[in-house]
Amino acid sequence: MKALAVMYHDVVENGNYSASGFPGPGADRYKLDRLEFARHLQAIREAIRNQPVLLTFDDGGVSAHERIAGMLEEFGWRGHFFVTTDFLGLPGFLDVEQVRDLDRRGHVVGSHSASHPARMSQIPWERMVSEWRDSREYLAKIVGHPVEFASVPGGFYSRKVARAAAQAGIRTLFTSEPTASEHIVDGCRVLGRYVVQRGMGPEWSAGFAAGRVLPRFRQALLWKTKQAAKVVSGGLYLRAREAILKKA
Ligand SMILES: [Zn+2]
């Protein structure tokens with residue numbers, strides 16, 4: 001049975017969205033309140049039965065350690081935490097000790113690039129490789145073993161981004177494309193994910209996790225609209241994304 005991957009970011013308390021991860025309204029809409037997230041986990045547990053599901057968390061906000069890991073552990077689950085290494089130790093972000101502790105507790109720690117470029121797919125090849133390699137090597141030094149998982153910042157995936165990841169030693173790369181199908185690029189496994197935003201009911205997460213068709217279909221449709229806008233230009237895409245998400 002194929003594992004489906006669900007993408008979260010931060011989980012905050014009492015609407016304090018600036019407490020974890022990247023600041024600003026664009027980032028905030030991907031952050032869930034603790035009670036909301038707890039309902040998602042409950043719904044996922046009821047929906048998945050024996051279906052494997054990967055719960056992934058982007059950016060490396062401090063809530064990964066302060067809140068999310070413990071909540072997952074109550075369900076006997078472990079998360080995939082993708083860390084933006086240049087931000088380690090900054091306010092709102094994980095520090096080195098917290099990353100080491102997540103790894104020690106059995107969670108997967110992976111790279112979310114070094115600097116979280118605004119448009120990962122547009123930067124020069126050399127920089128693309130070093131974004132992956134620098135962050136991967138830094139994380140490996142922290143946890144004391146190779147780090148082979150990563151997720152693409154901002155959803156700016158291209159085949160070149162995957163080739164650069166493969167060259168830097170990444171073996172599994174998560175995109176933001178809402179798909180359950182996977183493919184291999186230069187030996188690196190590329191998997192899609194279903195994104196969860198604040199205000200999406202627990203039934204959405206549960207639906208993605210259990211592989212239900214309707215929420216997956218609706219998200220794929222939204223994704224195609226975003227991709228069409230992205231083709232026009234990266235800058236326009238960022239504005240189009242704002243517009244689409246407001247309507248969604
Ligand atoms: Zn990100």
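The set of residues from the range 127-137 being over 17 Å from Gly154 (Cβ atoms) and among the hydroxyl-bearing types (Ser, Thr, Tyr) comprises just one member, Ser130. State whether the residues of the range 132-153 include one that is under 27 Å from Val11 (Cα atoms), within 15 Å of the ligand (Cβ to nearest atom) and either in a loop (DSSP other than H, G, I, E, B) or β-branched (Val, Ile, Thr) (or both). The answer is yes, given that some residue of the range 132-153 is under 27 Å from Val11 (Cα atoms), within 15 Å of the ligand (Cβ to nearest atom) and either in a loop (DSSP other than H, G, I, E, B) or β-branched (Val, Ile, Thr) (or both).
Restricting the range 10-55 to residues that are of a type in the set (S, T, N, Q) and outside any loop (DSSP other than H, G, I, E, B) leaves a set whose member that is farthest from the ligand (Cβ to nearest atom) is Gln42.
For the range 161-175, give me the residue count where each residue is over 13 Å from Phe82 (Cα atoms), touching a Gly at 6+ places or on another chain (Cβ under 9 Å) and part of a loop (DSSP other than H, G, I, E, B). The number of residues fulfilling the criteria is 1. Of all residues in the range 68-126, those being among the acidic types (Asp, Glu) and within 18 Å of Pro153 (Cα to Cα) number 2. Identify the residue in the range 79-117 that is away from the ligand (no atom under 16 Å from the Cβ), in contact with a Phe, Trp or Tyr (Cβ under 7 Å, 6 or more places away or on another chain) and not in a loop (DSSP other than H, G, I, E, B) and, among all such residues, is farthest from Ala69 (Cα to Cα). Across the range 79-117, the extreme among qualifying residues is Val108. If you go through the range 133-165 and keep only what is more than 22 Å from Arg104 (Cα to Cα) and surrounded by fewer than 18 Cβ atoms within 10 Å (Cβ to Cβ), you end up with Ser158, Arg159, Lys160, Arg163.
Only the coordinates and a few stated rules stand behind these numbers; no lab work does. Since the structure is predicted, the reported quantities are computational estimates derived from the model, not experimental observations. Heads up, the Cβs are rebuilt from the backbone with ideal geometry, glycines too, and the neighbour counts pull from every protein chain shown.
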